[in-house]
Structures are given as C-alpha cells and as structure tokens.
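What follows is a single structure, written as structure tokens, with notes after it.
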Amino acid sequence: MNTLEQIDITLPDGTVERYRLSQKKMILGRGPGAQLIVAASELAAQHLLLVPKANGCWLSVSEDAPTPVIVNGQTFDTGLLRWGTIISIGRIKITLGQTKKSKTSSVHPLIFVAAALLLLFFAGAQFLRSGAISSGPHTPNAPPLFKTITTCQLRGEKTLARISELSAEADSKALRYSFDPSDGVEAVSLYQNAENCLEEIRINEAANLVRHKRQSFEKRLIEDYASSRARLEHHLKENEALEALREVSRLKQMLAQQTNDYTDWLDRLERSLRLRAVN
C-alpha cells in the first residue's frame, strides 16, 4: 500500500496523541492487552477493534464497552467508516486518518551506501552519548501507587464537619486528576483518611459511601498506572522518544510523593530521552 493509516486521539485536556495502525488488526483500550493504550476512564480494557482497509477503517465496539461510540450523533457498533471520520467516546475524539507515503526518487546506489555509513556513524555517537532507548534488563520493579492508611490522621477533635471537609477536598483533587495525576493519588489518600475517621466516630453509613468512592477511583488509577507503564515500554521498544518522554512525565507525576529505585530510574530515563528529543 502507498498510504499510512493512523488515528489522532484528542483527550479531554486537549492533548493529541497519534498512533500508527501498523497491524492488520489493532485493539484500542485502557488495559495492557490493547495495542493502542489510552489512559481514559471512558474506555474499557479492550474497547474498540480497528481493521484498516484501503477505503476506510472497519470498527467493532466491544459489548463490554462502558461508553458508547458516537458517529455523526448516532451510536455506532460495527461497520466500515471512511478515512477522515471523527468518532466520539465520551470526552475523547478520535480521527481516522490516512496519508500518502512519500515517494523516493531514483538515486545512485553509492549515495545510499554513503548515507548508510553516515547514519551508522551518527547513531553510534548518539548511542555512546545518551544510551539506547530501552527499559533495560535491570529496570526496577514499579512500586505500589498508594500507601495504606489504617488510622485517622486528623489532629484534634474529629467532628463530622472536619471529616466532611476532608472528603470534599478528596472530591476536588479527584476532579483535577485528568490535568494533574498527582492530585489523583492524593485524592485516594484523603478518601482513605476520611473513611478511617468516620469509622472511628462510628458513622458507618457515611464511611461505607466514602469507601465505595475510594475503591472505584483507586481502581481507575491502578489501571491508568499499568497502562502508562505499558505504553512507556511500547514507545521505548519503537524508539519513540517524545511519546516515551510524555509517559515518563505522567509516571513521575503519579509517583510525586515517592523516592525509590524506580523514580530514580525514571529521572535517568527522562534525561536520556530529552537528549534524544533535542537531537
């Protein structure tokens, strides 16, 4: 084929991520089992199957998808869509795109040989300066995202009003999670603290409500954490420095309250990726 198939995903915060449809069949979702991994609460672990064709992209929506796929204002399940079509999944917009491959002109073979030698030289210099883009054989294990809090951390009198303020602060940070991942992690800790305090003063019904809210949000963050690590590994494997750098930044935000071997590794990787992105 003389074309390149791709999708542009516009996230709720305005960020646009581009993915090549490089395989005959690719699954988009938020779980590690998907080839196109997007950390968004609207998506299921395996939400959408994409099959690129010459005249469009064939799509099939999973029966377990929590959010419907909308095309031209109508719910879409399965079928062929033309290239250029924009689909919506909640707050996410996906544009199905196709571009022509650049044509190569006829060039003397010796020029290709010389170019190849130059590329090898500069690639070797780049490798020695910044190291290969790889997670490496000694990548530290990722730490747990949350620390367990088993007691109420409020000082002084533990009134319902003070605990309600704690829960409200957690709600506020949870809403900001899409813009700052570190707020999401703090929200879970605040929910846990409010839950413990409510149990301590024996307001069990309210404690159960906060627990349900915490567990639901905590599950979302754990899935996003796993998806971001899976995307980072994929981008490193494909030598996609800018995309890998974005995932490193997200992981560092999620682990902003921690200092360990994994966060140190992320710091080193970030420096290496910035060198490559500049060059």
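Using only the Cα atoms of segment 1-66, what semi-axes does the equivalent ellipsoid have when each is the square root of 5 times a gyration tensor eigenvalue? Give whole Å, largest first.
Details: eigenvalues 81, 45, 19 Å².
The three semi-axes for segment 1-66 are 20, 15, 10 Å.
Can you bin every Cα-Cα distance in segment 216-279 into 5 Å intervals starting at zero and give me the percent of pairs per bin, rounded to whole numbers? Here the calculated profile for segment 216-279 is 4, 18, 27, 25, 15, 7, 3, 1, 0. Take the Cα of residue 10, step 7 Å toward its Cβ, do the same at residue 141, and the gap between the two points is 4.3 nm. Potential lengthening of the chain between residue 100 and residue 150 amounts to 12.2 nm, from the contour at 0.36 nm per residue minus the alpha-carbon distance.
Distance distribution note for segment 150-276: the fraction of Cα pairs above 19 angstrom is 55%. Residue separation of residue 274 and residue 158 scaled by 0.36 nm, minus their Cα-Cα distance, works out to 37.0 nm of gained length. Per-residue extension of 0.36 nm, minus the Cα-Cα distance of residue 257 and residue 238, leaves a gain of 3.9 nm for this segment.
Between residue 78 and residue 222, what FRET efficiency follows from the Cβ-Cβ distance if R0 is 41 Å, with the result rounded to 0.05? Kindly include the intermediate steps, with their values, before the conclusion.
Values: r = 31 Å, r/R0 = 0.75.
For residue 78 and residue 222, the calculated efficiency is 0.85.
Under the definition of Cα pairs under 8 Å and six or more residues apart, what whole-number percent is the relative contact order of segment 138-241? Write down the numbers at each step before the final one.
Working: 84 pairs, mean separation 27.2, N = 104.
Relative contact order comes out at 26 percent.
Report the calculated FRET efficiency for residue 58 and residue 201 (r = Cβ-Cβ distance, R0 = 41 Å), to the nearest 0.05. List each step's numbers first, then the result.
Values: r = 57 Å, r/R0 = 1.39.
The formula returns an efficiency of 0.10 here.
Compute the signed sum of charges (Lys and Arg +1, Asp and Glu -1) over the other residues within less than 12 Å, Cβ to Cβ, of residue 191.
Details: positive: 173, 211, 213, 214; negative: 169, 171, 186, 195, 218.
Overall, the nearby charge balance is -1.
Taking the centroid of alpha carbons for each part, segment 162-216 and segment 221-265 are 25 Å apart. Between the amide H of residue 53 and those of 58, distances stay under 5 Å, these residues lying 5 or more places away or on another chain, with hydrogens modeled in the peptide plane.
Checking the table 173/213; 24/93; 93/173; 147/213; 173/252 against a 19 Å threshold on Cα-Cα, which pairs fail? Where the Cα-Cα span goes over 19 Å, the pairs concerned are 24/93; 93/173.
Which FRET efficiency value, to the nearest 0.05, do you get for residue 208 and residue 175 by plugging their Cβ-Cβ distance into 1/(1 + (r/R0)^6) with R0 = 25 Å? Don't skip to the answer; put the middle values down first.
Values: r = 22 Å, r/R0 = 0.88.
The formula returns an efficiency of 0.70 here.
Where a number appears in this text, it was derived from the coordinates with a stated rule and is not lab data. These numbers were taken from a predicted model, which means no experiment stands behind them. Reconstructed Cβ throughout: ideal geometry from the backbone, glycine too, with neighbour counts over all protein chains shown.
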